[in-house]
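What follows is a short report on a single structure.
The values are calculated or read from the model by the stated rules, or taken from the named source; none is laboratory data. Here the structure is a predicted model, which is why all the values come from computation and not from measurement. All Cβ positions, even for glycine, are placed from backbone atoms using ideal geometry, and neighbour counts span all protein chains on display.
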Amino acid sequence: MEQFFTTSEQIQNIIKGFNLTKTLFVSSIIIGKPNIGKKSLARYLFPEAPLVSGKNQEEVERLLQEVDELIITDFEKLSNQESLDLDNKRIIATANYIGNQQTIDNLFAFIYTLPSLKERPEDTKYLRDIFIREAKATLMITDNELSTKDIPVDLSDNSKTLKRTIYTHLIKHSMTRKDIQEAIYSYILDHLNGNNEYKEHLTLYEKPLIEAGLKKYGSQLQLSQVLGINRNTLRKKIHEHRID
Amino acid sequence: MNTESIDFQSFLDWDNSPFILFNEQSKILYLNNSAELLFGYVSKKELYDLALAYAPPSFGHKTTTLSLNYDSFTFYAITVGYENEEQISIRFYNAPRARSITPMKKDKLVNTDINLLLEANIALFKTKNTNTLQLLTDQDLPSFKLDQNGFSKLLRKTLDAFRSSDSIRITLKLLVGEHVIISGKKKAIVQLTIEANGRYNNTDDEIKLLAEQCYTTFLLKENTIKLEIPLIQ
């Protein structure tokens, strides 16, 4: 069964409203930014209801004739909103935005706005933990030493970027020397052409080496000793790779 | 025509216009059924003072056109009369109420617990507003037939008019002793009152339209909205 976790009072009121009207024939719409759990919420509340996307207008029209309980996602994609008859049916729609306020007002009895993840720090924390567990299982990372507290929280596109950052971070940090070599191999295989390619691809190795070294050792003097190269050579390379 | 032996009282009793007879000390000597309902909304003193203010200068009867409003009662004229020093009467003329002429679409009506719709709408209101609400409802109201979607829209719009109000009080009750005639049958009335320290009135036209579509009588006042819903079973 679909789960939906929230500590947001606003969403708890939305759930309460839905639970009260679960048996009634009313039309409701959940509006909010992409990737914030609108569809999951609708599925969690109405696990048995058929689900159709507004991208598929014909299918929406067909189902509205046939069933009296329906989840319509991407409602903003429907171009025939005005002509829909949602009366005497249990309709749960989700939309990323309101196209025409008056139309939405006329069609729906309950118009809920779902807050985005930025407004729900507690929910974000919970989701992040779920995504980390899921990503570790998918990527088969058994290394418990791998720290997850440094994974940045990117909510620019809500759960989508939150999830993507976790996966890329975990992949980057769990790579072995062999994985890295293989990654560079594939990259070079795809990109090698021209007449100055040795120097061009040396960046792949030199830039991260110097950047990581500077972060770890702080001074150029110390780093030149660690790397075993001349201080002037190091300075030249820093300039070449435009490292701050 | 000799009418002395005819008892007119029952005709007066059942007159839809409120009629009250006071003595000279403002005591009520007689009132008809309609006046009894009116006293639910206005004090005896106020009506007695009104009778004195509009009394004819000497014995006789005088009709004055004026606009009076007591809750859902609206009158367009009163007649005050006295034929001796001991008794004074006042009669109120009901202003016609706007009534929807849309024929009732019975197929849209579904047996509904109105409390569910009200609570769900309060939950919706709370997702957008932090105002405190006081709800006084009759949980024993029987289920009755409603256009669930249409009536929910009406509730949403009505509550929305109070989005910035303080001390919002919502009362849902069965109106005792009042009826509405629908398709020739007497129906009880469920009254929903929302009152606060003020409200928005920019959506009053939409509220009116939605109420008419739900066969609901409305009263839109400065701080109050009253909806009278026929209890159709």
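Okay, residues lined up against (1) under 25 Å from the mean Cα position of the chain (by Cα); (2) not small (Gly, Ala, Ser):
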{"residue": "B:Asn16", "(1), (2)": "yes, yes"}
{"residue": "B:Leu21", "(1), (2)": "yes, yes"}
{"residue": "B:Ser34", "(1), (2)": "yes, no"}
{"residue": "B:Tyr41", "(1), (2)": "yes, yes"}
{"residue": "B:Asp49", "(1), (2)": "yes, yes"}
{"residue": "B:Leu52", "(1), (2)": "no, yes"}
- [ ] Could you grab the pairs with beta carbons closer than 6 Å, sequence gap of 6+ or different chains, first residue in segment A:1-20 and under 21 Å from B:Glu119 (Cα atoms), second one of a type in the set (Ser, Thr, Tyr)?
- [x] A:Gln10/B:Thr127; A:Asn13/B:Thr127; A:Ile14/A:Tyr112; A:Ile14/B:Thr127
TODO: Could you tell me which numbered condition A:Thr23 fails, if it satisfies all but one of (1) assigned to a helix (DSSP H, G or I); (2) free of Cβ contacts under 8 Å to residues at least 24 places away in the same chain?
DONE: (1)
- [ ] Scan segment A:158-188 residue by residue and report those that are β-branched (Val, Ile, Thr) and closer than 26 Å to A:Arg128 by Cβ.
- [x] A:Thr161, A:Thr165, A:Ile166, A:Thr168, A:Ile171, A:Thr176
Open item on the list: I'm told B:Gly184 meets every condition in (1) at pLDDT 90 or above; (2) surrounded by fewer than 18 Cβ atoms within 10 Å (Cβ to Cβ); (3) farther than 15 Å from B:Ser72 by Cβ except one. Can you identify the failing condition by its number?
Closed with: (1)
Open item on the list: It is to be established whether one or more residues within segment A:40-51 are in contact with a Gly (Cβ under 6 Å, 6 or more places away or on another chain), assigned by TED's automatic domain parsing to the domain that holds A:Lys16, assigned to a helix (DSSP H, G or I) and modelled with pLDDT of 90 or more.
Closed with: no
TODO: Take A:Leu221 and decide whether it is surrounded by 14 or more Cβ atoms within 10 Å (Cβ to Cβ) and farther than 26 Å from A:Asp129 by Cβ.
DONE: no
Open item on the list: Looking only at segment A:39-56, count every residue that is loosely packed, with under 15 Cβ neighbours inside 10 Å and in contact with a Lys or Arg (Cβ under 8 Å, 6 or more places away or on another chain) and tell me the total.
Closed with: 1
Task: The one condition in (1) modelled with pLDDT under 90; (2) within 22 Å of B:Asp147 (Cβ to Cβ); (3) of a type outside the set (S, T, N, Q) that A:Arg90 fails to fulfil - done: (1)
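Residue by residue, here is whether (1) closer than 28 Å to A:Ser8 by Cβ; (2) crowded, with 21+ Cβ neighbours inside 10 Å; (3) among the polar types (S, T, N, Q) holds:
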{"position": "B:Asn129", "(1), (2), (3)": "yes, no, yes"}
{"position": "B:Thr132", "(1), (2), (3)": "yes, no, yes"}
{"position": "B:Ser143", "(1), (2), (3)": "no, no, yes"}
{"position": "B:Gln148", "(1), (2), (3)": "yes, yes, yes"}
{"position": "B:Lys157", "(1), (2), (3)": "yes, no, no"}
Task: Residue among B:Ser72, B:Ser5, B:Ser26, B:Ser10 that alone is touching a residue at least 60 places away in the same chain (Cβ under 8 Å), hydroxyl-bearing (Ser, Thr, Tyr) and either buried (at least 16 other Cβ atoms within 10 Å of the Cβ) or more than 30 Å from B:Ile194 (Cα to Cα) (or both) - done: B:Ser72
Open item on the list: I'd like to check something: does segment B:144-154 contain any residue that is free of Cβ contacts under 8 Å to residues at least 24 places away in the same chain and either among the hydrophobic types (A, V, I, L, M, F, W, C) or in the same structural domain as B:Glu36 (by TED's automatic domain parsing) (or both)?
Closed with: no
- [ ] Only helices (runs of 4 or more DSSP H) wholly contained in segment A:142-244 count here; list those with 3 or more residues that are closer than 30 Å to A:Lys118 by Cα.
- [x] A:159-174
TODO: Tell me, yes or no, whether segment A:196-217 has at least one residue that is assigned by TED's automatic domain parsing to the domain that holds A:Tyr185, at positive phi and modelled with pLDDT under 95.
DONE: no
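Report the residue count in segment B:140-172 for those that are hydroxyl-bearing (Ser, Thr, Tyr) and away from every other protein chain (no Cβ under 14 Å).
Here is the first cut: in segment B:140-172, the residues hydroxyl-bearing (Ser, Thr, Tyr) are B:143, B:152, B:158, B:164-165, B:167, B:171.
Now restrict to residues that are away from every other protein chain (no Cβ under 14 Å): B:164-165, B:167, B:171.
Selection size over segment B:140-172: 4.
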Open item on the list: Residue pairs, Cβ under 7 Å, 6 or more apart or interchain, first in segment B:50-65 and farther than 15 Å from B:Gln87 by Cα, second aromatic (Phe, Trp, Tyr) and in a loop (DSSP other than H, G, I, E, B). List them.
Closed with: B:Thr64/B:Tyr54
Open item on the list: From the list A:Leu107, A:Leu155, A:Leu139, A:Leu146, exactly one residue is modelled with pLDDT of 90 or more, more than 30 Å from A:Leu64 (Cα to Cα), aliphatic (A, V, I, L, M) and touching a helix residue (DSSP H, G or I) at 6+ places or on another chain (Cβ under 8 Å). Which is it?
Closed with: A:Leu155
Open item on the list: Regarding segment A:184-201, can at least one residue be identified that is under 30 Å from A:Asn35 (Cβ atoms) and surrounded by 12 or more Cβ atoms within 10 Å (Cβ to Cβ)?
Closed with: yes
Task: Spans of strands (runs of 3 or more DSSP E) in segment B:48-130 with at least 3 residues modelled with pLDDT of 90 or more - done: B:60-70, B:73-82, B:87-94
Open item on the list: Looking at (1) over 21 Å from the mean Cα position of the chain (by Cα); (2) at positive phi, which one does A:Asp74 not meet, given that it meets all the others?
Closed with: (1)
Open item on the list: Looking at the structure I just gave you, is A:Glu76 within 24 Å of B:Leu117 (Cα to Cα) and of a type in the set (D, E, K, R)?
Closed with: no
Task: Selection within segment B:1-58 - among the aliphatic types (A, V, I, L, M) and within 26 Å of B:Pro96 (Cβ to Cβ) - done: B:Leu12, B:Ile20, B:Leu21, B:Leu31, B:Ala35, B:Leu37, B:Leu38, B:Val42, B:Leu47, B:Leu50, B:Ala51, B:Ala53
